[in-house]
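Notes to accompany the following structure.
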Amino acid sequence: MSKKNHKTLLHCTVNGREHDDVVDDNTLLVDYLRESLGLTGTKIGCDGGECGCCTVLVDGQPRHACLTLAATCTDKDIVTIEALEVQGRLSALQRGFHEKLGAQCGFCTPGMIMAAEGLLRENPDPSEEDIRQGLAANICRCTGYVKIIESVQYAAAELKRTGKEVAA
Amino acid sequence: MNEIKPTRTIGVPQPLVDGPEKVSGKALYSADFLPNNCLVGRIFRSPVAHAEIIRLDISAAEALPGVRGIITGEDCDEPYGVLPIARFEYPMARDKVRYRGEPLACVAAVDVETAQKALDLIKFEYRELPAYFTSSDAMSEDAIDLHDHRPGNIEREVDYEIGDVDSALKDADMVLEETYNCPEICQVQTEPHAAIAEYDAERDYMTVRASTQVPFYVHIMLAKTLKMDQSQIRVIKPHIGGGFGCRTECLNVELMCALVARKAKGTVRLVVSREETFITHRGRPETDVKMKIGVKKDGTITAVDFQVIQRGGGYSGYGVVTILYAGSLVFGVYNFENARYKGLRVLTNTPPPGAMRGHGTVGVRYAFEALIDEISHRLKMDPIEFRRRNFLSAPTFTANDLMINSYGLPECLDWVEKESDWKTKKGNLGPYRGIGVAASHYLSGASKSVNWTGEPHATIHLKLDWDASITLLTGAPEIGQGSTTVITQCVAEVLGLDMTRIQSVTSDSKVTPKDNGAYSSRITFMVGNAAINAANNLKQVLIEAAARKLDCKPEDVECLGEVYRAASQDEGMTFEEVVLAALEGSGTITVKGNYDTIPESHGTKKYRGGAIGGSMAYAYSAQVVEVTVDPETAQVTVDKVWVAQDVGKALNPLSCEGQIQGSVWMGMGQAISEETVYHKGLGISGSMLDYRVPSFIESPPIEVGIIESIDPHGPFGAKEAGETSLSSFIPALTNAVADAVGVRPIDLPVTPDKLMELIEKRESGQKAAIK
Ligand code: FES
Ligand code: FES
């Protein structure tokens with residue numbers, strides 16, 4: 001089929017790698033990541049802006065990739081769940097979610113972890129209330145959130161103990 | 001020398017064996033399969049709630065370049081459904097549509113835009129019929145029948161009387177009655193439904209990956225609707241983003257995906273939207289419960305007389321089972337001999353509900369626990385004490401023959417009473433603050449499966465090979481509940497090995513043994529027992545091999561996990577050596593283990609359908625909920641929950657806690673905010689903003705106590721952990737609200753507008769009384 005959609009040359013960095021790709025102006029960032037780059041760690045849980053499953057970092061800030069047009073990400077730095085591992089090992093946040101059972105079915109987890117990543121970068125020592133506020137845009141249907149809070153607290157303590165930054 | 005000991009894994013908190021994939025984004029869910037040349041599926045749905053189909057014209061859509069296949073009701077004349085006695089639903093409607101959004105056609109096209117365009121070109125001509133959106137409208141005199149074979153729109157009427165209810169009510173010192181409305185709710189698992197079907201036209205072979213809790217049922221229904229040989233189908237369950245019961249029957253999504261893939265002679269990916277996931281539904285039906293309970297002055301229950309009406313939507317689904325559960329599981333928490341039940345499952349022009357977490361029990365448990373709270377209030381008896389007066393004592397059979405061998409409810413109530421500081425707080429929290437208690441139970445797997453074939457209830461295969469690793473093959477669907485972890489633990493424990501020696505392969509119909517699926521909390525109990533059986537069989541093989549090498553009798557071999565030896569002085573053989581000895585002459589070894597339920601657990605013969613409710617064991621829960629009500633807005637805030645569950649034995653305490661917290665919290669959603677809403681059959685709560693799932697902000701801390709009653713039949717004594725604690729949250733909350741504001745919410749959910757109305761009514765009543 002011939003496509004008449006207007007296109008943009010997108011230049012951006014995803015997980016530390018530079019990309020130059022032609023995208024339709026109406027392509028959502030989440031579809032660009034999943035379908036063009038094969039980064040399926042970022043999930044789609046709703047019809048737009050309801051669940052937080054698609055959360056990624058854009059220039060360090062948590063963003064709904066399903067509400068972001070790929071074409072608006074020119075010159076932006078995008079980080080997805082796939083980039084969090086440190087030398088193939090789980091990051092402190094990922095380990096927290098694993099060890100403390102912050103992930104049951106795991107479908108909300110990539111978005112949840114990216115939102116928490118954004119939170120800890122801003123506020124490395126969050127109170128329980130800070131965590132609740134910071135993750136309020138993310139829905140989890142499995143855990144009742146209790147163990148997610150413990151997972152984030154685990155990561156914050158771990159980072160403090162090792163003197164590392166989240167993004168290290 | 002270090003003492004050699006077998007590794008113990010049971011009772012030790014274990015992170016999930018598939019956790020690292022989930023937290024790293026590597027876990028693949030159905031929608032994550034994006035093969036090249038994959039076609040996009042899209043569904044054309046009915047714009048009306050009830051109509052005769054006159055014509056569905058797909059010719060223009062078919063002619064659109066890029067469209068590779070369209071299917072309609074014409075392409076499939078085989079009905080599907082979970083219950084062999086109630087299969088009247090087609091993947092796409094054929095003669096009539098019976099709810100708004102019911103699928104009529106499915107398109108496979110090269111991309112989303114083309115598929116969408118094709119849908120716009122489909123012309124649907126229909127003759128609208130009167131539609132019924134409430135149970136009472138559907139049952140009214142002049143209503144037409146949705147299905148010819150279901151006169152009066154009654155899917156099923158269930159009746160029983162056990163004991164002598166009328167005279168027991170006469171004997172009672174107090175009889176109270178109330179009618180409770182529990183609106184329809186939906187699972188809202190975070191993963192929308194998705195399937196990917198790969199049709200190999202050369203071999204006439206179909207491979208389907210789908211977001212399902214029951215790959216085996218999907219397999220059967222694929223064969224039936226595709227009219228293909230079962231052996232020519234392969235069903236694989238990838239990672240699943242939750243289910244909570246909406247995927248415990250085969251859904252039209254996976255059937256249409258396969259049908260259109262065959263038509264298009266290719267691979268089709270059908271990922272439906274959140275709104276369509278709401279429409280596919282299979283949630284908890286709207287349930288009206290009329291509950292009457294008689295008690296003696298000392299608080300003992302003499303009789304229970306109750307009626308339940310469930311709005312069943314346009315098709316049967318699990319309906320018959322749901323209305324039977326609602327009747328049978330009134331028993332099993334407390335001791336009483338007399339009960340009368342009338343249940344009506346009604347067909348309406350709304351999406352069909354299904355088997356949501358706590359299947360069938362939630363509305364009745366809510367009504368029961370709310371009414372006895374009011375009764376104990378009027379008897380001036382502490383509600384925990386009231387419950388104590390009505391305990392069962394295990395082992396026992398209830399009046400409807402439910403087999404109860406372990407009963408930890410007393411300990412659950414003791415725990416929540418103490419931890420919540422109940423005695424200090426009850427009645428003393430000050431204005432607009434309150435505390436409430438309730439109890440509940442749930443089965444550990446339905447004793448009789450819906451597709452009764454004479455096969456064992458569960459089967460596990462263990463493959464042992466030259467590398468001394470064990471591959472655990474199970475059809476039990478891991479859906480996030482942690483079932484693979486628990487099964488792995490069972491095997492590791494019996495063999496005394498570290499869990500890392502065991503890798504699992506799950507739910508691939510060409511590789512793993514058949515399993516009925518993830519529903520009715522059956523996996524830990526049934527599959528856990530099968531895993532123990534398999535591991536014991538493997539251990540026997542290893543012991544015999546060791547005995548041959550050590551030149552001793554098998555009964556003299558001591559198995560220490562990584563070491564097998566003939567006597568404590570003996571250096572023994574390493575696990576690797578024993579494995580090689582076992583493989584001598586036989587090659588790779590596969591052993592299996594089975595589990596079957598016993599006839600005593602099969603429920604009652606006292607009434608038709610009495611097998612539903614029968615289980616090998618019941619888990620118990622008690623919880624205390626503390627709330628604050630905003631005097632200005634009547635908004636209820638849940639401050640804290642203390643919950644104790646008798647899980648028999650906590651095989652994985654970490655998972656038990658997570659499951660209990662999750663179910664309590666899901667009960668909270670139903671109690672305070674969740675409700676599906678329709679306007680003339682059109683779902684108007686079809687998003688996660690309009691359908692209010694609780695967020696981080698309104699979710700309370702949930703403190704969990706684990707009670708271990710060690711069930712004699714359970715795997716290491718275990719019972720279910722993931723459903724029991726849902727239903728008791730709801731009455732504990734309304735009881736707490738009654739304690740806080742002096743009026744008792746009756747209808748769910750307890751939203752500010754409803755509660756404000758109740759408070760205002762009470763206040764104007766008080767003013768009138770003062771005048
Ligand atoms: S997918 Fe739900 S908010 Fe983006
Ligand atoms: S872990 Fe399943 S939705 Fe959060």
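The values are calculated or read from the model by the stated rules, or taken from the named source; none is laboratory data. Predicted model, so just to flag it, every value in this text is computed and none were measured. Cβ: placed from backbone, ideal geometry, glycine included. Neighbour counts: every protein chain shown.
Quick rundown of the values:
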| read-out | value |
| --- | --- |
| Set B:Val289, B:Val308, B:Val253, B:Val268: member being part of a strand (DSSP E or B), closer than 30 Å to B:Gly66 by Cβ and touching a helix residue (DSSP H, G or I) at 6+ places or on another chain (Cβ under 8 Å) | B:Val268 |
| Where A:Thr27 falls short, out of the listed (1) within 12 Å of chain B (Cβ to nearest Cβ); (2) of a type in the set (Ser, Thr, Tyr); (3) crowded, with 24+ Cβ neighbours inside 10 Å | (3) |
| Flag for B:Ser695 being of a type in the set (S, T, N, Q), at the interface with chain A (Cβ under 9 Å from one of its Cβ atoms) and either surrounded by fewer than 19 Cβ atoms within 10 Å (Cβ to Cβ) or assigned to a loop (DSSP other than H, G, I, E, B) (or both) | yes |
| Answer residue from region A:47-78, given it is at the interface with chain B (Cβ under 8 Å from one of its Cβ atoms) and under 20 Å from B:Val23 (Cα atoms) and is surrounded by the fewest Cβ atoms within 10 Å (Cβ to Cβ) among those | A:Cys53 |
| Filter result for the condition that a residue is within 11 Å of chain B (Cβ to nearest Cβ), more than 11 Å from A:Phe97 (Cα to Cα), among the acidic types (Asp, Glu) and surrounded by fewer than 20 Cβ atoms within 10 Å (Cβ to Cβ), over A:Glu128, A:Glu122 | A:Glu128 |
| Wholly within region B:157-221, strands (runs of 3 or more DSSP E) carrying at least 1 residues that are within 14 Å of chain A (Cβ to nearest Cβ) and within 16 Å of ligand 2 (Cβ to nearest atom) | B:194-200 |
| Residues (surrounded by fewer than 24 Cβ atoms within 10 Å (Cβ to Cβ) and of a type in the set (Val, Ile, Thr)) located in region B:471-483 | B:Thr471 |
| Matching option when the condition is closer than 18 Å to A:Asp20 by Cα and of a type in the set (Gly, Ala, Ser), among A:Ala83, A:Ala65, A:Ala92, A:Ala70 | A:Ala70 |
| Positions within region B:36-57 being in a loop (DSSP other than H, G, I, E, B) and either within 11 Å of chain A (Cβ to nearest Cβ) or without any contact (Cβ under 8 Å) to a residue 60 or more places away in the chain (or both), in sequence order | B:Asn36, B:Cys38 |
| The one condition in (1) surrounded by fewer than 20 Cβ atoms within 10 Å (Cβ to Cβ); (2) within 16 Å of ligand 2 (Cβ to nearest atom); (3) not in a helix (DSSP H, G or I) that B:Gly722 fails to fulfil | (1) |
| Region B:502-517: number of residues that are out of contact with any Lys or Arg (no Cβ under 8 Å at 6 or more places or on another chain) and either in contact (Cβ under 8 Å) with a residue 60 or more places away in the chain or farther than 16 Å from B:Ile240 by Cβ (or both) | 7 |
| Filter result (more than 8 Å from ligand 2 (Cβ to nearest atom), crowded, with 24+ Cβ neighbours inside 10 Å and at the interface with another protein chain (Cβ under 7 Å from one of its Cβ atoms)) within region A:99-111 | A:Leu101, A:Pro110 |
| Residue that is surrounded by the fewest Cβ atoms within 10 Å (Cβ to Cβ) [pool: residues in region A:131-168 that are within 12 Å of chain B (Cβ to nearest Cβ) and basic (Lys, Arg)] | A:Arg132 |
| Filter result for B:Lys117 (assigned to a helix (DSSP H, G or I), over 30 Å from B:Ile71 (Cα atoms) and charged (D, E, K, R)) | no |
| Test for B:Ala51: is it in the same structural domain as B:Asp120 (by TED's automatic domain parsing) and surrounded by 14 or more Cβ atoms within 10 Å (Cβ to Cβ) | yes |
| Every residue from region B:606-651 that is of a type outside the set (A, V, I, L, M, F, W, C) and either outside the structural domain of B:Trp665 (by TED's automatic domain parsing) or over 30 Å from B:Tyr318 (Cβ atoms) (or both) | B:Glu626, B:Thr628, B:Asp630, B:Pro631, B:Glu632, B:Thr633, B:Gln635, B:Thr637, B:Asp639, B:Lys640 |
| B:Gln670 being under 21 Å from B:Gly408 (Cα atoms), buried (at least 22 other Cβ atoms within 10 Å of the Cβ) and assigned by TED's automatic domain parsing to the domain that holds B:Phe716 | no |
| Filter pass, B:Val214 being crowded, with 20+ Cβ neighbours inside 10 Å and within 27 Å of A:Asp47 (Cβ to Cβ) | yes |
| Residue in region B:226-247 that is part of a helix (DSSP H, G or I), among the aliphatic types (A, V, I, L, M) and under 22 Å from the mean Cα position of the chain (by Cα) present | no |
| Qualifying residues in region B:653-689 (those that are facing another protein chain (nearest Cβ under 9 Å) and part of a loop (DSSP other than H, G, I, E, B)) - the one farthest from the chain's Cα centre (by Cα) | B:Leu689 |
| Selected residue (criterion: farthest from B:Tyr620 (Cα to Cα)) from residues of region B:377-433 that are touching a Pro at 6+ places or on another chain (Cβ under 9 Å) and assigned to a loop (DSSP other than H, G, I, E, B) | B:Pro431 |
| Region B:17-27, residues that are in contact with a Ser or Thr (Cβ under 8 Å, 6 or more places away or on another chain) and more than 7 Å from every other protein chain (Cβ to nearest Cβ) | B:Val17, B:Asp18 |
| Residue within region B:337-356 that is in contact (Cβ under 8 Å) with a residue 40 or more places away in the chain and over 30 Å from B:Val82 (Cα atoms) present | yes |
